Amino acid sequence: MITTVTRRLLALFLASSLTIGTALAEVPDAIGTLAPTESQQKAAQDIVERLNYGHYREVELNDQLSKEIYLHFLEELDGNKAYFTQAEINRFNKYQHLLDDGLKEGDLTAAFEIYNLYQQKVESRIQSQLRLLDTFSDDYAFKRHDALMIDRKDFAWAADEKELDQLWDKRLENSLLSLKLSGKDLADAKKTLKRRLENQLKRITQTRSEDVFQIYMNAYTQLYDPHTQYQSPRSSETFNIRMKLSLEGIGALLQTEDEFTKVVSLVPGGPVAKAGELKPADKIIGVGQDDENIVDVVGWRLDEVVDLIRGPKASTVRLQVIPANATDNSQTQIISIVRNTVKLEDQAAKKSIVTLNENGEDKKIGIIDIPAFYVDFDAWRQGKEDYRSTTRDVLRLINELQSEDIDGLVIDLRNNGGGALQEANSLVGLFIERGATVQVRNAEGRIDILGDPDKSIAYTGPLAVLVNRLSASASEIFAGAIQDYQRGLIIGSQTFGKGTVQSVTPLDHGQLKLTRAKFYRISGESTQHMGVVPDIQYPSLVDTEQVGESALEFALPWDKVQAVRHKEYSPLSLWLPELKERHQTRAEQDPDLMYLAAQQALFEQMRSVKQISLNEQARKAESERIEAQQLALENERRTAKGLQPLEKLSDIPDKEEDPNQDAELVESGRILLDMIDLANTAMADVD
């Protein structure tokens with residue numbers, strides 16, 4: 001994953017009526033030299049001390065770590081090796097083993113010297129791009145047989161400016177071609193690209209010393225782990241607003257990557273998550289208010305994009321995005337979202353039933369969809385008997401489903417990013433007798449064991465838990481415990497792998513989000529990095545190289561502690577080979593399951609592309625080839641199901657909310673019926 005200067009504090013926008021104008025300010029003739037403030041110098045020393053004594057991971061700030069800070073800082077600034085030359089890097093190399101001493105003393109000279117040159121190089125490069133843009137005629141033909149490398153992270157630094165000139169020539173031509181392929185004529189494409197370049201120039205000229213300090217501090221803190229972050233005073237305010245959920249918005253977590261604003265994750269129950277169109281790793285390139293024209297935001301600062309997306313409750317924002325699985329930046333779509341408050345009701349568990357025919361008899365599989373692990377903390381603290389929580393709602397839904405004579409139960413945790421730990425703990429208790437549910441190890445090595453003290457069980461029947469790559473944190477604790485107790489099958493794709501605990505420490509200047517503990521399953525295995533591996537796996541359309549803990553640089557590793565003694569509720573491990581074989585047989589015959597596998601293979605093929613052609617005809621041919629493949633896959637599925645084939649991709653209907661049309665839920669139900677069959681056979685053999 002490419003990292004850049006603008007990968008700063010991830011910003012969650014939940015609301016505000018504030019918007020910003022789009023008129024460009026006057027660009028100054030020259031960029032001023034930035035320097036650290038006294039408060040930043042003191043904050044650097046404070047951060048060093050807090051990391052040394054408060055972080056879960058014990059790391060010594062020495063010459064070796066100094067070199068890693070230096071390399072990570074360069075990667076944050078110029079991860080695609082598009083600005084600095086080898087000679088300039090050679091000049092900076094004198095700082096490789098000095099940054100540790102500088103941080104201890106609050107000396108930020110080296111970081112600001114490197115950044116100031118970087119800023120000058122960026123300004124110079126943008127200015128040259130603007131001049132070069134004027135040389136393209138409105139009838140320019142993109143006929144060159146050349147290609148642009150997409151990711152240059154592993155390349156050597158450029159030997160000289162001439163080599164960088166060649167790279168930027170290709171980048172400019174690719175940007176123009178992408179805009180043309182998206183439907184613009186070349187004259188409009190040039191105007192759009194000029195605005196983008198001017199926006200980038202505006203952004204770089206507005207850089208403050210606080211921006212530099214935050215980038216540098218996080219180049220240091222993230223070496224401990226990616227969730228440990230320094231937050232500037234302004235970023236701290238945004239973070240605290242997010243944690244209080246006090247504003248309305250669309251509910252998404254963003255970061256900037258290169259000149260794009262990228263979606264990191266969605267707030268469960270939020271407007272975006274409910275709409276179901278915006279996905280993690282999508283890139284937002286334009287924002288429009290209601291019926292107004294969409295404003296191109298490529299090259300904007302992250303806070304400016306967030307301010308533009310924010311707006312009054314019930315108003316509509318339109319986002320122009322490049323989907324994560326797009327092979328070309330010319331492939332865009334418009335998504336309309338109504339801003340709203342993320343309400344507890346929107347995150348609440350919901351039930352449904354999937355009906356399956358088994359040997360001529362209808363079987364009912366209960367489904368409980370849990371978008372997040374929630375609890376009304378205020379009502380709970382006030383001692384109200386009817387306070388809302390995940391466990392209370394699920395208990396009620398289980399009772400309702402059992403009154404409808406369900407044959408099995410699926411807990412759907414897909415896209416559940418976590419929430420209240422106490423709810424994951426108590427939810428496990430609905431399916432087991434009293435026992436441990438999770439272990440928490442702190443920085444001193446002390447392990448606390450959390451568990452369910454209640455001996456009662458709400459549901460004793462066949463159980464499966466459905467997860468995917470976006471199931472994280474509390475979801476992984478619940479799924480891991482159910483798997484360890486052999487209480488039910490875990491089905492789906494490997495989960496996110498977020499197995500650490502953070503707390504926020506206020507500083508005199510900003511605040512520090514610090515990783516202080518780590519989760520472990522009762523089996524002793526960490527949920528960190530690896531997440532929970534399902535017993536039976538489905539194809540995943542999420543790119544694990546972009547989404548998940550393992551996709552984050554410097555993520556803490558997977559490890560083990562001593563297991564907690566626990567019982568096993570069923571011989572699932574003995575049945576698993578037969579269950580997998582039956583599932584595989586269906587996967588090779590069921591049109592929907594075959595379609596999922598084919599989609600995964602196609603997306604992996606698309607993601608493997610390392611370079612992009614600068615020839616218009618070649619680009620069109622490649623785009624048409626991929627669209628033809630996608631349409632062919634869809635029509636194969638439709639034909640096999642007796643549906644009418646489609647003429648074009650845009651004719652594909654919106655996804656239905658009917659659980660009986662959800663291929664993963666249906667197959668999970670069939671796997672549960674297989675498990676019931678094996679259990680009945682085992683009982684018959686005993687009798």
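The numbers here are math on the coordinates, done by the rules we state, and not lab data. In this text the structure is predicted, and so the values were computed from the model without any measurement. Positions of Cβ are generated from backbone atoms using ideal geometry, with glycine treated the same way; all protein chains shown enter the neighbour counts.
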Determine the gain in length on full extension of the stretch residue 63-residue 156; use 0.36 nm per residue of separation and subtract their C-alpha separation, reporting nm with one decimal.
-> 31.1 nm
Angle, helix 186-205 long axis vs. longest principal axis of the chain, Cα atoms, 0 to 90°, nearest 10?
-> 80
Relative contact order as a percentage, segment 344-569, C-alpha pairs under 8 Å and 6+ apart, gives 16
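Expressed as a rounded percentage, what relative contact order does the chain have, with Cα pairs under 8 Å and six or more residues apart?
With pairs under 8 Å counted, the relative contact order is 14 percent.
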Which angle between 0 and 90 degrees, to the nearest 10, do you get for helix 63-78 versus the longest principal axis of the chain when only C-alpha atoms count?
-> 80
Footprinting exposure proxy for 75, 163 (fewest neighbouring C-beta atoms within 10 Å first) | 163, 75
Per the 1/(1 + (r/R0)^6) rule, R0 = 51 Å and r from the Cβ atoms of residue 610 and residue 676, FRET efficiency to 0.05 is 0.60
For the cross-link pairs 202/610; 81/262; 81/283; 42/81, which exceed 27 Å when the distance is taken from alpha carbon to alpha carbon?
-> 202/610; 42/81
Quick one: length gained pulling residue 145 to residue 94 fully straight, 0.36 nm per residue minus the C-alpha distance?
-> 14.2 nm
For residue 567 and residue 105 in one chain, what is 0.36 nm times their gap in residues minus the Cα-Cα distance, to one decimal in nm?
-> 160.9 nm
Can you put 558, 300 in order, fewest other beta carbons within 10 Å first?
-> 558, 300
Rounded if a/c is under 1.5, else prolate if a/b is larger than b/c, else oblate: which is segment 348-418, with a ≥ b ≥ c the root eigenvalues of its Cα gyration tensor?
-> oblate
Once both axes come from the Cα atoms, what is the angle between helix 233-244 and the longest principal axis of the chain, in degrees from 0 to 90, rounded to 10?
-> 20
If R0 = 25 Å, then residue 650 and residue 350, at their Cβ-Cβ distance, give a FRET efficiency to the nearest 0.05 of 0.25
With contacts defined as alpha carbon pairs under 8 Å and 6 or more residues apart, what's the relative contact order of segment 20-229 in percent?
-> 35
Order of 487, 521 under a 10 Å beta carbon neighbour criterion, fewest first | 487, 521
Given the rule -39500 (n - 2.57) for each run of at least 4 DSSP H residues, summed and divided by the residues of the chain, what is its mean residue ellipticity at 222 nm, to the nearest 500 deg cm²/dmol?
-> -13000 deg cm²/dmol
Shape call, segment 486-579: gyration tensor on alpha carbons, a/c limit 1.5 | oblate
Is segment 420-477 best put as rounded, prolate or oblate by its Cα gyration tensor, with a ≥ b ≥ c the root eigenvalues, rounded for a/c under 1.5, and otherwise prolate when a/b is larger than b/c, oblate when not?
-> oblate
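If we count every other residue with Cβ under 13 angstrom of residue 405's Cβ, Lys/Arg +1 and Asp/Glu -1, where does the sum land?
Working: positive: 363, 364; negative: 361, 362, 400, 404, 407.
Net charge around residue 405: -3.
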With T = 25 °C, eta = 0.890 mPa s and Kirkwood Rh from C-alpha pairs, the Stokes-Einstein D of the chain in µm²/s is about 90
